[in-house]
Every structure is written in C-alpha cells, then in structure tokens.
There are 2 protein chains.
Amino acid sequence: MIYRYVPSLTALRTFESSARHMSFTKAAEELNVTQSAVSRQIRQLEDELGIRLFERVRQRLVLTEAGASYVLEVRKGLDQLKAATLNLLAYQGVGGELLLACLPTFGSRWLIPRLGRFTSQHPEINVNLVTRIEAFNFESEDIDAAIYFGDSNWPGTISDKLMGEEMIPVCSPNIFNDRQEIKKPEDLRHHTLLQLRSRPYAWQEWLKSKDTHDINPAAGPKFEQFHMIINAALTGLGVALLPAFLIKEELSQGLLVQLFEDSVRGRNAYYLVYPENKRGLPRLQTFRRWLLREASRHEMNYSPQSNNKLQNHPDI
Amino acid sequence: MIYRYVPSLTALRTFESSARHMSFTKAAEELNVTQSAVSRQIRQLEDELGIRLFERVRQRLVLTEAGASYVLEVRKGLDQLKAATLNLLAYQGVGGELLLACLPTFGSRWLIPRLGRFTSQHPEINVNLVTRIEAFNFESEDIDAAIYFGDSNWPGTISDKLMGEEMIPVCSPNIFNDRQEIKKPEDLRHHTLLQLRSRPYAWQEWLKSKDTHDINPAAGPKFEQFHMIINAALTGLGVALLPAFLIKEELSQGLLVQLFEDSVRGRNAYYLVYPENKRGLPRLQTFRRWLLREASRHEMNYSPQSNNKLQNHPDI
DNA sequence: AAACATCATTCATTAAACTCATGACTTCTT
DNA sequence: AAGAAGTCATGAGTTTAATGAATGATGTTT
C-alpha cells in the first residue's frame with residue numbers, strides 16, 4: 001500500500017516521451033526542457049532501477065527488452081492518472097460517470113424504465129449501463145457496480161438485496177383456451193415446458209412445490225435469455241415459468257395469461273453488488289440509496305405480505 | 001499523449017496516504033516526513049487542481065466528494081505504476097508474464113499440448129491462458145493477445161493468420177455401421193445434424209458445397225462449445241461437422257469415423273490477434289514467432305496442397 | 001483547567017531538477 | 001572527403017521544489 005518503489009512522475013513522463021520519440025532531443029522539445037535534462041532524468045531512472053532502459057548504439061537510442069515492456073506498463077499508469085485528473089477537473093468532483101453492469105432483461109424491463117427518475121433527480125451523475133449475463137471480475141473489468149441474480153456470497157464485495165422473484169407459469173391465451181384446459185399442475189404434462197438456460201432448476205423447484213413429481217422438469221427447448229423465452233411463450237411455443245414483474249405488460253394486455261393463482265417465491269434474489277474499495281464513492285452511494293428505495297417500493301407492490309424492505313437498510 | 005496535467009508523484013502519494021489514514025500526522029509518519037510537509041503538499045495539490053480534496057472540519061479531516069472519487073482513481077494509477085516497477089525489478093526485463101486468451105477447445109486440444117515445448121525453450125516467459133468464447137475488448141481487459149476464429153478485421157489490432165480449418169462430417173461408428181448406410185451427402189437426411197452455436201452456417205456451407213439442397217441445415221440440437229458437440233457425437237446423438245485437427249485422437253482411436261473422404265475448407269481461420277500498442281512487447285514477439293512456426297508446421301500436415309505459410313511471414 | 005491532540009504557517013535549509021556550455025561521436029550533404 | 005548538422009553525455013552553476021523546526025490556532029480528553 002505504500003508506494004515506495006515508484007519512480008518520480010517526472011522521470012516516468014520523461015521516459016515515456018523519450019521511448020515514444022526514440023530521441024532525447026525530441027522528448028526535450030515536447031516536455032519544454034533541454035536535452036540535457038532528459039538525458040539526466042533517464043540516466044538517473046536507470047541507475048535507480050538498476051536496469052538499462054535504452055541501449056545507446058552509435059548515437060541512436062534503442063529500447064532494451066526491459067525498456068520495451070516497462071514503457072507499455074508505465075503508459076497505462078500515466079494514462080490512468082491523467083484520466084483521473086482530467087475527470088476531476090471536468091466534473092469538479094460532483095457526480096461523474098457510473099458504470100453499472102446489469103442483466104439484460106432486468107435492465108430493459110425494470111431498471112431502464114425507472115432510470116429516468118434517477119437522472120432527473122441527479123443530473124450530475126451519468127449512469128452507463130452494460131449488460132452481463134455471467135459473473136465477472138471487478139478487479140479486471142473496471143465496472144463500478146452490478147445488479148445480478150443469485151445469492152449474496154461474492155468475496156471482496158458488498159451486496160444489498162434488492163428484491164426476490166415471484167415465479168409464475170404463463171402461456172399464450174391461444175394455448176390456454178384452444179386446447180386441453182389446464183386446471184391443476186398435473187395438466188402441464190401435455191404441454192411443452194420452456195426452459196431458461198440460466199435457471200435450470202426453475203421448473204423442478206416449482207413442480208416440487210406443487211407436489212407434482214411425474215413430469216420431467218428438464219424436457220423442453222432451452223433459451224439463453226429471458227426476452228427469448230418471453231417471445232417463445234408469446235408465440236405459443238409452450239408454457240414458461242417467469243418472474244411476474246418482467247411480464248407485467250404482457251399480462252395486463254392479455255398477451256400472456258397466468259396459469260395458477262398462487263406464485264412461488266424462489267430462494268434467490270436480485271442484488272446490487274459493488275467492490276469494497278468503492279464503498280466511499282459518493283455517486284455510487286447516491287445511486288444505491290435511490291435503487292434500494294425503488295426496490296423496496298417494488299417489493300411492496302409485488303408481495304404485500306412481505307416486510308417492508310426499507311427496514312433492512314436503516315441508513316437510507 | 002502528453003502528461004501535462006498529472007500532478008507530481010509526491011503530491012499524489014501524500015494525498016493517497018492522507019486519505020487512507022484520514023490524518024496528515026499519520027500520513028507523515030508513514031511517509032517519513034513531518035506533518036508540515038504533508039499539510040503543504042495537500043494544500044498545493046488542492047491549489048493546483050483548484051478543488052478542495054479534504055474538508056477541515058474542527059481539526060478533523062473529511063474527504064470531499066471530489067476527494068473521495070479522486071483517491072480511488074489515483075490509487076489505481078499508483079498501483080499500476082508500482083506493479084509495473086516491481087515486475088521490472090523481479091524479471092530484470094527479460095521474459096515475464098504473458099496473458100493469452102484462447103478458445104477453450106482450441107486451447108485444450110491444440111495449444112496446451114504444444115505449449116510445453118515453448119516453455120522449455122523460453123523458461124523466462126510465463127504464458128497464462130484464459131478462455132474466451134466471445135469477442136472482448138483489449139482496452140478494458142488487460143489481455144496481451146488472443147487466439148480467435150473468424151476473419152481478420154478487428155480494429156486497432158494486428159492479426160496473424162495461423163491456420164484454416166478442414167471441416168469433416170463425423171459420427172460414432174455405431175451410427176455408421178448399425179443403421180442406414182451413409183454413402184452420399186443426401187443420406188444425411190435421415191440423421192440428426194448436431195449444431196454448434198458459434199458456427200450457425202457450418203452445415204449450410206458444407207451442404208451447399210456438396211450441392212445438396214433438400215436438407216434443413218439448421219435443424220438439430222445446438223451446443224455451446226466444441227467439447228460438448230464432440231461428446232454428443234461420441235455418444236451417437238447424431239452427425240457433427242467438426243474441424244479435423246480437434247478430433248485427431250478420436251479418429252485415430254476409431255471412436256469417431258469420418259463420413260466422406262474429402263474435406264471442406266471454410267473461409268474463416270484461426271488468428272493470433274494483439275493490440276497495436278503491444279507490437280513492441282518482446283515476450284509477445286517471441287511467443288508470436290514460435291506460434292507461427294507451430295501453425296505452419298500444422299498446416300503442412302493438415303493440408304499438404306496449401307502453400308507453406310512461412311512465406312506469409314518473412315520476418316520469422 | 002490543564003494536557004494533549006490536530007492542522008496551518010513562517011523562515012531557513014536541503015535536495016532535486018534544470019540550464020548552459022561543451023565534448024565525443026555519427027550521419028547526411030555537397 | 002570534408003564540413004555541416006545532428007545525437008547523446010557531462011561538468012559547473014542556477015533555479016525551483018520539498019522539507020524540517022518551531023510555533024500558532026483550534027479542538028478534544030481527562
């Protein structure tokens with residue numbers, strides 16, 4: 001944590017420029033100093049590191065292997081510091097960019113419709129969305145926070161539960177009306193169960209909760225994403241088990257019908273996750289407060305019997 | 001490209017330490033200077049940036065919003081420079097780590113079996129493999145180079161063609177012997193065509209090259225990765241269209257049989273790709289030279305009629 | 001109320017970075 | 001082939017930046 005072995009930025013900047021121009025003289029021009037100053041900086045840097053960065057071959061400079069590797073890494077570091085500083089100057093410290101990873105269907109059907117409210121409340125914060133289906137690494141990806149689905153163990157991060165998920169079986173009204181009636185779970189035997197690849201145990205859990213054991217829960221076409229399985233259900237390909245809140249529109253317009261009245265609450269949930277070292281990022285905390293409020297409002301609508309989730313977050 | 005707006009390393013280091021301890025006195029201890037020096041460094045940094053980083057509220061320090069955001073970014077930059085320097089000192093500039101992204105099946109069946117030779121020739125270079133199925137961004141991912149399949153337009157990068165791909169239809173010997181004989185492409189009508197999700201047009205291209213038009217090229221179960229479709233073919237689920245070199249073992253052991261003698265060469269190929277700014281990285285160039293040689297040797301085995309690909313790379 | 005913190009400030013000192021002038025060598029030009 | 005022009009290196013001196021010591025101002029703890 002202590003940056004003892006980092007050479008001075010003057011030295012690194014001088015080295016970077018020299019390597020880019022392959023000339024101390026040109027570097028000196030660019031940096032508005034004399035060639036002598038550049039020559040000395042490089043030499044001192046080399047002495048300090050104990051490694052030659054340039055070979056001086058007949059009045060010409062050639063990067064050594066060490067120098068060639070080092071300059072690439074140094075450039076990354078300087079770029080980062082430059083970007084940080086320019087960003088600070090641009091936004092004057094308030095607001096700024098927030099890069100959020102999000103599941104695609106959750107993003108398009110839940111988050112984005114609400115995001116306008118956040119933006120108007122906090123015009124200084126610029127939320128950028130990127131979709132991720134699989135888990136990723138905060139270390140290597142530069143994402144500020146993520147909304148994902150699962151349970152809350154993700155080491156090195158802080159998770160806030162947003163909402164659970166009510167799974168309901170739905171199908172197109174054509175299926176519901178035209179063919180065999182579906183009155184009890186067993187009647188699903190004669191229908192195609194649409195499968196979501198990221199939730200392989202969805203039907204199994206649901207059927208078990210209904211004490212229905214003689215239906216193969218894994219048979220049926222598999223889909224990658226929610227929006228694909230929603231489309232499949234809309235076109236009458238079969239029965240899908242979907243979170244109620246993602247198909248609110250389709251249900252209210254009668255494009256999909258719910259097959260049984262009661263819903264099943266899965267054990268997994270949606271979480272906001274962010275790395276521990278971003279705990280102190282003001283714009284992230286602002287977003288978090290807003291998101292938790294929206295989620296708790298959502299929970300109250302979708303499961304009035306459950307506790308008000310605001311109680312879980314006394315700090316908002 | 002010129003790092004004019006980057007404050008001095010001393011200032012940034014002092015700021016980082018102060019923010020971590022939330023105390024100028026403690027930071028001074030850590031940095032082995034007096035509290036006075038720290039106080040003035042911070043003030044000067046604030047003046048230079050024109051933004052307050054700490055609020056001094058009743059002899060206590062509190063980070064401003066600006067300071068809280070800035071310190072996170074500054075820390076990243078300093079970490080990068082520290083890592084770069086320690087790396088340089090550790091490896092003394094020769095060799096080092098090389099992070100390579102690779103398609104999973106290509107990695108396990110082609111690259112890894114050969115990688116031992118590279119490692120023994122170049123023990124100073126440490127090749128780390130990571131698998132990627134989809135395209136990614138060199139900017140955000142910190143990967144040195146990638147082996148991918150496709151055509152060679154990937155902006156901002158340099159590509160070297162490694163090898164083409166001979167697609168051959170194969171199936172389990174059970175299918176081949178027990179059921180209807182397969183003598184000509186039309187006979188495939190009665191068989192299941194196994195599909196690979198990343199090559200949706202594979203069968204279509206192949207059937208077209210055989211002038212066979214009355215078979216639906218897209219029907220059949222879809223698989224995510226080569227190793228899955230290989231397993232499916234092994235267990236007799238259907239006929240798969242696979243690159244010959246990936247199933248060398250299975251063919252020679254008789255676990256899979258090739259259905260027709262001639263092979264079809266796809267228009268896509270395997271490429272080594274790396275970002276332009278890594279052109280000068282010595283360990284990458286070393287790896288590249290070795291890889292191109294291995295690939296050309298491979299090409300000579302798998303397509304004796306094709307040109308010796310070494311001619312395409314006069315610089316090795 | 002006294003003792004002990006903390007950050008801020010002034011003045012003198014030390015260390016780092018730089019310029020100038022010049023030398024040694026190489027490459028280009030005529 | 002010789003001179004001009006360019007390159008990096010270096011010694012001596014100057015300028016600039018960073019620091020230390022002492023002290024002040026303000027708040028906290030006992």
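The values are calculated or read from the model by the stated rules, or taken from the named source; none is laboratory data. Being a predicted model, the structure only gives us computed values, none of them experimental. Here Cβ is always computed from backbone atoms with ideal geometry, including for glycine, and neighbour counts include all displayed protein chains.
Given the criteria out of contact with any strand residue (DSSP E or B) (no Cβ under 9 Å at 6 or more places or on another chain) and within 7 Å of chain B (Cβ to nearest Cβ), does residue A:85 qualify?
yes
Looking at segment B:11-21, can you tell me whether even one residue there is in contact with a strand residue (DSSP E or B) (Cβ under 9 Å, 6 or more places away or on another chain), surrounded by 20 or more Cβ atoms within 10 Å (Cβ to Cβ) and facing chain A (nearest Cβ under 8 Å)?
Scanning segment B:11-21 turns up no residue that is in contact with a strand residue (DSSP E or B) (Cβ under 9 Å, 6 or more places away or on another chain), surrounded by 20 or more Cβ atoms within 10 Å (Cβ to Cβ) and facing chain A (nearest Cβ under 8 Å).
Conditions first: (1) free of Cβ contacts under 8 Å to residues at least 40 places away in the same chain; (2) surrounded by 20 or more Cβ atoms within 10 Å (Cβ to Cβ). Residue B:79 passes all but one, so which condition is the exception?
It fails just one condition, (2).
Among the residues of segment B:259-316, write down those that are modelled with pLDDT under 70, surrounded by 18 or more Cβ atoms within 10 Å (Cβ to Cβ) and assigned to a loop (DSSP other than H, G, I, E, B).
Of everything in segment B:259-316, nothing turns out to be modelled with pLDDT under 70, surrounded by 18 or more Cβ atoms within 10 Å (Cβ to Cβ) and assigned to a loop (DSSP other than H, G, I, E, B).
Residue A:68 is checked against (1) modelled with pLDDT under 90; (2) within 23 Å of residue B:286 (Cβ to Cβ) and fails just one. What number does that condition carry?
Unmet for residue A:68, out of (1) modelled with pLDDT under 90; (2) within 23 Å of residue B:286 (Cβ to Cβ): (1).
Within segment B:28-44, can one find any residue that is more than 10 Å from chain A (Cβ to nearest Cβ), within 12 Å of DNA strand C (Cβ to nearest atom) and on the phi > 0 side of the Ramachandran plot?
no
Within segment B:24-32, is there a residue that is away from DNA strand D (no atom under 13 Å from the Cβ), at pLDDT below 95 and surrounded by 14 or more Cβ atoms within 10 Å (Cβ to Cβ)?
Yes: one or more hits.
Name the residues in segment A:110-126 that are in contact with a helix residue (DSSP H, G or I) (Cβ under 8 Å, 6 or more places away or on another chain), surrounded by 13 or more Cβ atoms within 10 Å (Cβ to Cβ) and closer than 27 Å to residue A:243 by Cβ, would you?
A:110, A:114, A:118
Residues to consider are B:188, B:237, B:255, B:246; find the one that is touching a residue at least 40 places away in the same chain (Cβ under 8 Å) and surrounded by fewer than 17 Cβ atoms within 10 Å (Cβ to Cβ).
The match here is B:255.
Working only within segment A:38-69, note down all residues that are touching a Leu at 6+ places or on another chain (Cβ under 8 Å), in a helix (DSSP H, G or I) and within 10 Å of DNA strand D (Cβ to nearest atom).
Passing the criteria: A:38, A:42, A:46.
If you go through segment B:205-230, how many residues are assigned to a helix (DSSP H, G or I) and surrounded by 14 or more Cβ atoms within 10 Å (Cβ to Cβ)?
Matching residues across segment B:205-230 total 9.
For residue A:96, state whether it is more than 14 Å from the chain's Cα centre (by Cα), surrounded by 19 or more Cβ atoms within 10 Å (Cβ to Cβ), farther than 30 Å from residue B:87 by Cβ and within 8 Å of chain B (Cβ to nearest Cβ).
Numbers: more than 14 Å from the chain's Cα centre (by Cα): yes; surrounded by 19 or more Cβ atoms within 10 Å (Cβ to Cβ): yes; farther than 30 Å from residue B:87 by Cβ: yes; within 8 Å of chain B (Cβ to nearest Cβ): yes.
Against the criterion (more than 14 Å from the chain's Cα centre (by Cα), surrounded by 19 or more Cβ atoms within 10 Å (Cβ to Cβ), farther than 30 Å from residue B:87 by Cβ and within 8 Å of chain B (Cβ to nearest Cβ)), residue A:96 qualifies.
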